[in-house]
1. Counting other Cβ atoms within 10 Å of each Cβ, which GluC sites (Glu not before Pro) in the stretch 30-63 have at most 10 and sit in a DSSP loop?
2. Which lysines have a Cα less than 30 Å from the Cα of Lys29, not counting those fewer than 8 places away in the same chain?
3. Counting only DSSP beta bridges with both residues in the chain, tell me the antiparallel percent, nearest 5.
4. In the stretch 165-239, what trypsin sites (Lys or Arg not before Pro) fall in a loop by DSSP, with at most 12 other Cβ atoms inside 10 Å?
5. Between helix 158-167 and the chain, what is the angle of the helix's C-alpha long axis to the longest principal axis, kept within 0 to 90° and rounded to the nearest 10?
6. To the nearest 20 debye, what is the magnitude of the charge dipole of the chain about its Cα centre, counting +1 on the Cβ of each Lys and Arg and -1 on the Cβ of each Asp and Glu?
7. Run down the aspartates and glutamates and flag those whose C-alpha is under 19 Å from the C-alpha of Lys126, throwing out any fewer than 8 positions away in its chain.
8. What is the fewest-to-most order of Asp181, Asp22, Asp137, Asp115 by other Cβ atoms lying within 10 Å of their Cβ?
Amino acid sequence: MYSETPQLQPIVPSYHLRILSDEQVAQLKSATLRILEETGIHCPSEKALNIYAEHGAQVDFESQIVKLPPDVVLEAMSHAPRFYAMGARLPAFDLNLNGATFYCATDGCGTKTIDFETRKLRRSMKEDVARMARVADYLSSIAFYWPIVSAQDYPATAPLQELDASFNNTVKHVQTETVMDEPMARYAVEMARVIASDEATMRQRPPLSSLICTIAPLGQDAGGMESALVFAEAGLPVGFMSMANTGSTAPATLAGTVAVADAEMVSAMVLIQMAYPGAPTYHSMMPGIMHPESLS
């Protein structure tokens, strides 16, 4: 597998397209800061609430609402690295996140799959995660592996079983979306440490990253945030994705949806920078739009 894996083929565009003007970006920033200061975010993690409170946020421990003054947000985010690398088992497959290169990856965490032999739909298993990792390992257009399906045959330890199957079947960077509590995260970090071989290498070329979904509107998941803190403490990249839905869990305008989604993700990134300044983190948005006729 290692010697036959084709080299990565990242996308280096010859031109860049700007969707928002400078004025629109400033409006989004202003809206995000206003939402975080006036409305705030719901965070049911006592550990996270304590970190927010210790770093200047206004925390109501009873309602679990956190309000973040603009200066607190900007101070925390000033420590976030603009560029960093996501490592792999082999250095040739490291991802240099320099703002000029794009990478494609798998996506999923599905619970069912079509069997490779019988062509019948069935629940997914750990072996499916492994087989798909081998396919992704061979494809030069796939830069890192996010398990396409989940290990349904290991319900209690599925996230760790998925990492085991991934690390043993691809030399590329692995990203998890299912490690959603602190104990599981500590095991995952230890697995990454073994892959990297030592602490220094794991921090310089982290072979594992995590993606945590926020809860729309304006909420965070307790287990997800606590697992994110474990990853950040170890130097592993952690990102946050909002799936705010226009017209239901977000305002009925695109601008309002983007602002609310941004507030969700920024509030989580602020927490990471408060706890571990300089920790690699990223921002991921996947909004949806509800069709008005679905309300009838």
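Laboratory data are not the source of any read-out in this text; all were calculated from the coordinates shown. Keep in mind it's a predicted model, so treat the numbers as computed, not measured. Counting neighbours? That spans all protein chains shown, and the Cβs are built from the backbone with ideal geometry, glycine included.
1. Numbers: sites: Glu37, Glu38, Glu46, Glu54, Glu62; in loops: Glu62.
Answer in residue order: Glu62.
2. Lys47, Lys67
3. Percentage antiparallel, nearest 5: 40.
4. Counting only loop positions with at most 12 other Cβ atoms within 10 Å, none of the trypsin sites (Lys or Arg not before Pro) in the stretch 165-239 qualifies.
5. Between the helix axis and the principal axis of the chain, the angle is about 50 degrees.
6. On the way: 20 positive and 33 negative charges, 175 e Å.
Dipole size: approximately 840 debye.
7. Asp107, Asp115, Glu117, Asp137, Asp153, Glu162, Asp164, Glu177
8. Asp22, Asp115, Asp181, Asp137
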